[in-house]
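Participant: This is the structure I want to talk about, given as structure tokens.
The values are calculated or read from the model by the stated rules, or taken from the named source; none is laboratory data. Please read these numbers as outputs of a predicted model, since none were measured by experiment. With ideal geometry, Cβ positions are generated from the backbone for all residues, glycine too; neighbour counts draw on all protein chains shown. Note: accessible area is taken over every heavy atom of the protein model, side chains too, but ligands, DNA and RNA are not part of it. Shrake-Rupley method; radii C 1.70, N 1.55, O 1.52, S 1.80 Å.
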Amino acid sequence: MSEKFSATLRIGDLNDYIAPSQGCVVSLKGLKATSNKPDKSEQKPEKGVSVTDPKHTEPVKISLKDCLACSGCITSAETVMLEKQSLDEFLSNIEKRKTVIVSLSPQSRASLAVHFGLSPLQVFKKLTTFLKSLGVKAVYDTSCSRDLSLIESCNEFMTRYKQSYSSDDGKCKSSLPMISSACPGWICYAEKTLGSYILPYISSVKSPQQTMGAIVKHQICQKMCIRPDEVYHVTIMPCYDKKLEAARDDFMFEEEPQGLQITEVDSVLTSGEVLDLIQSKSVDFKALEESPLDNLLTNVNEEGHLYGVHGSSGGYAETIFRYTAKNVFGKEIEGPLDFKIIKNSDFREVCLEVEGKIVLKFALCYGFRNLQNIVRKIKIGKCDYQFIEVMACPSGCLNGGGQIKRKPEQSPKDFIQSLETTYMENVLEADPFENPFIKSLYNEWLDQPGSEKAKKQMHTVYHPLVKSITAQLQNW
Ligand code: SF4
């Protein structure tokens, strides 16, 4: 096995990934792939030190030599995948004169904005200047593709809701709760650890990263009159798990007539890796000029304002809640939704009451401890939520393992607060159904939400993974 990679996982990251039924489930959150050989002078972790020891706060170094190929952590296939998803690979594709397209997530935009003390709009424009100076052709915005994911999610929820309440006794049947699917850390955990009982509850809608991938490789290539294999599509994301997501076989398609395998997203860079790139080029980022945005797939209006949904982890619960309240119960909800804290700030719920009866009950469930509780309830049939927005990271995507680290003088709480505030700074709240770019995609390509074309391009499937012998032995 290659020794070219080393991984640094902080104990705090690992704590959230401990599964009771398995030794330990580790995602790529907090993992940094590097093309340098590991520093041999670095001390190995002490033998016998438990990674769950809360008193032990030093980072634990794990190299791929430690991989047991147990389906719970890093596999050799994932090693190869990480090699393909590095800054070196990104720069080499620019050198090869591929048409390089970058799609920026709003969480990474916020991370860079907090780091540099700029607004999200300034970051977007300066990053466009920087990336284009390297040879990137266009820089788009995954808030735009997220609107498409949200519309498909609203439609899927309505279908499941109708199925669930169609029986005479009015009781919920098994198609609810619907669980969001945008977090690959959660999907990885569900497939590898929970398996077949939970998968039917997970929304089949692709994440904003992958909907953007499908749009770029199908529609944008067609508009630009170039073949999809000539385009190298890179996303900038808040976590390493997005690299795993991009590498799934489900997100490849065959190009006609050559039969080439095309990947929707060729590479994922984290917010931290983009900062590394800026620093490696010795660029004074704050002093860069602000370029006009590529408005073909960017949520920017004619006045130059960014827009998008509220909700720093995608706004799934909020958007579907409002949509259902309006379309099923005729209730247009003004102002922010009243999410009530249940166990902690990462587990909140919102209800809609009609004539004294709760008719909608949705939850936000972030972090693995909360997530494990909710899946236990689903398993024993005691979950009364109709929709759950699940995110693997405590505090959600703004706190992803690929985000730029906080400065030493900032407390974790203040840091998350500043990311939350910056996230929507001068960003207008807007209804995804009113997005003109998404409307035109339906008109020109997908027909309507939930159509056969939309299902083919914007939905996916999940696979329960059989645990390897090694993983099963761990339970002895
Ligand atoms: S919560 Fe967001 S940042 Fe964290 S693993 Fe999931 S998608 Fe990535």
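Participant: Condition (residue is of a type outside the set (Val, Ile, Thr), touching a Lys or Arg at 6+ places or on another chain (Cβ under 7 Å), at pLDDT 95 or above and part of a loop (DSSP other than H, G, I, E, B)) applied to region 447-459: is it met by at least one residue? Even if it seems obvious, please write down each step before you answer.
Facilitator: Going through region 447-459, the residues of a type outside the set (Val, Ile, Thr) turn out to be 447-459.
Checking which are touching a Lys or Arg at 6+ places or on another chain (Cβ under 7 Å) leaves us with 447, 458-459.
Next cut, at pLDDT 95 or above only: 447, 458-459.
So of that shortlist, the ones also part of a loop (DSSP other than H, G, I, E, B) come out as 447.
So far as region 447-459 goes, yes, one or more of its residues are of a type outside the set (Val, Ile, Thr), touching a Lys or Arg at 6+ places or on another chain (Cβ under 7 Å), at pLDDT 95 or above and part of a loop (DSSP other than H, G, I, E, B).
Participant: Run down Lys242, Lys192 and say which single residue is of a type outside the set (Asp, Glu) and within 20 Å of Ser271 (Cβ to Cβ). Give the derivation first.
Facilitator: Numbers: Lys192 fails: within 20 Å of Ser271 (Cβ to Cβ).
Going through Lys242, Lys192 in turn, just one is of a type outside the set (Asp, Glu) and within 20 Å of Ser271 (Cβ to Cβ): Lys242.
Participant: Residues to consider are Ile151, Ile202; find the one that is within 19 Å of the chain's Cα centre (by Cα), within 16 Å of the ligand (Cβ to nearest atom) and at pLDDT 95 or above. Give the steps one after another, and end with the answer.
Facilitator: Details: Ile151 fails: within 16 Å of the ligand (Cβ to nearest atom).
Residue meeting the stated conditions: Ile202.
Participant: Taking Ser313 as the residue in question, decide whether it is out of contact with any Lys or Arg (no Cβ under 8 Å at 6 or more places or on another chain) and assigned by TED's automatic domain parsing to the domain that holds Lys357.
Facilitator: Details: out of contact with any Lys or Arg (no Cβ under 8 Å at 6 or more places or on another chain): yes; assigned by TED's automatic domain parsing to the domain that holds Lys357: yes.
Here the answer is yes, as Ser313 does meet what is asked.
Participant: Restricting the search to region 382-411, which residues are more than 16 Å from the ligand (Cβ to nearest atom) and within 22 Å of the chain's Cα centre (by Cα)? Write out each step before concluding.
Facilitator: Within region 382-411, the first condition is being more than 16 Å from the ligand (Cβ to nearest atom), and the residues that meet it are 382-387, 407-411.
Selection gives Gln386, Phe387.
Participant: Residues Met158, Met178: which one is surrounded by fewer than 24 Cβ atoms within 10 Å (Cβ to Cβ) and on the phi < 0 side of the Ramachandran plot?
Facilitator: Values: Met178 fails: surrounded by fewer than 24 Cβ atoms within 10 Å (Cβ to Cβ).
Of the residues listed, the single one that is surrounded by fewer than 24 Cβ atoms within 10 Å (Cβ to Cβ) and on the phi < 0 side of the Ramachandran plot is Met158.
Participant: Okay, next question. Which of the following residues is open to solvent by less than 30 Å² (accessible area, probe 1.4 Å), over 16 Å from Cys183 (Cβ atoms) and modelled with pLDDT under 95: Glu264, Glu255? Quick ask: steps written out before the conclusion?
Facilitator: Details: Glu264 fails: modelled with pLDDT under 95.
That would be Glu255, the only listed residue that is open to solvent by less than 30 Å² (accessible area, probe 1.4 Å), over 16 Å from Cys183 (Cβ atoms) and modelled with pLDDT under 95.
Participant: For region 408-427, how many residues meet the condition of being outside any helix (DSSP H, G or I) and over 17 Å from Ala113 (Cα atoms)? Steps first, answer last, please.
Facilitator: Just the residues of region 408-427 that are outside any helix (DSSP H, G or I), to begin with: 408-411, 424-427.
Still in the list and also over 17 Å from Ala113 (Cα atoms): 408-409, 411.
So the count comes out to 3.
Participant: Do we find a residue being more than 16 Å from the ligand (Cβ to nearest atom), open to solvent by less than 30 Å² (accessible area, probe 1.4 Å) and outside the structural domain of Gly117 (by TED's automatic domain parsing) anywhere in region 361-381? Show your work before the answer.
Facilitator: From region 361-381, those more than 16 Å from the ligand (Cβ to nearest atom) are 361-362, 373, 376-381; that's our starting set.
Next, from what is left, pick out any that are open to solvent by less than 30 Å² (accessible area, probe 1.4 Å): 362, 378.
If we keep only those that are outside the structural domain of Gly117 (by TED's automatic domain parsing) too, we end up with 362, 378.
Looking for residues that are more than 16 Å from the ligand (Cβ to nearest atom), open to solvent by less than 30 Å² (accessible area, probe 1.4 Å) and outside the structural domain of Gly117 (by TED's automatic domain parsing), one finds at least one in region 361-381, hence yes.
Participant: The conditions are (1) more than 16 Å from the ligand (Cβ to nearest atom); (2) in contact with a Ser or Thr (Cβ under 7 Å, 6 or more places away or on another chain); (3) aromatic (Phe, Trp, Tyr), and Tyr240 fails exactly one of them. Which is it?
Facilitator: Tyr240 satisfies all of (1) more than 16 Å from the ligand (Cβ to nearest atom); (2) in contact with a Ser or Thr (Cβ under 7 Å, 6 or more places away or on another chain); (3) aromatic (Phe, Trp, Tyr) except (1).
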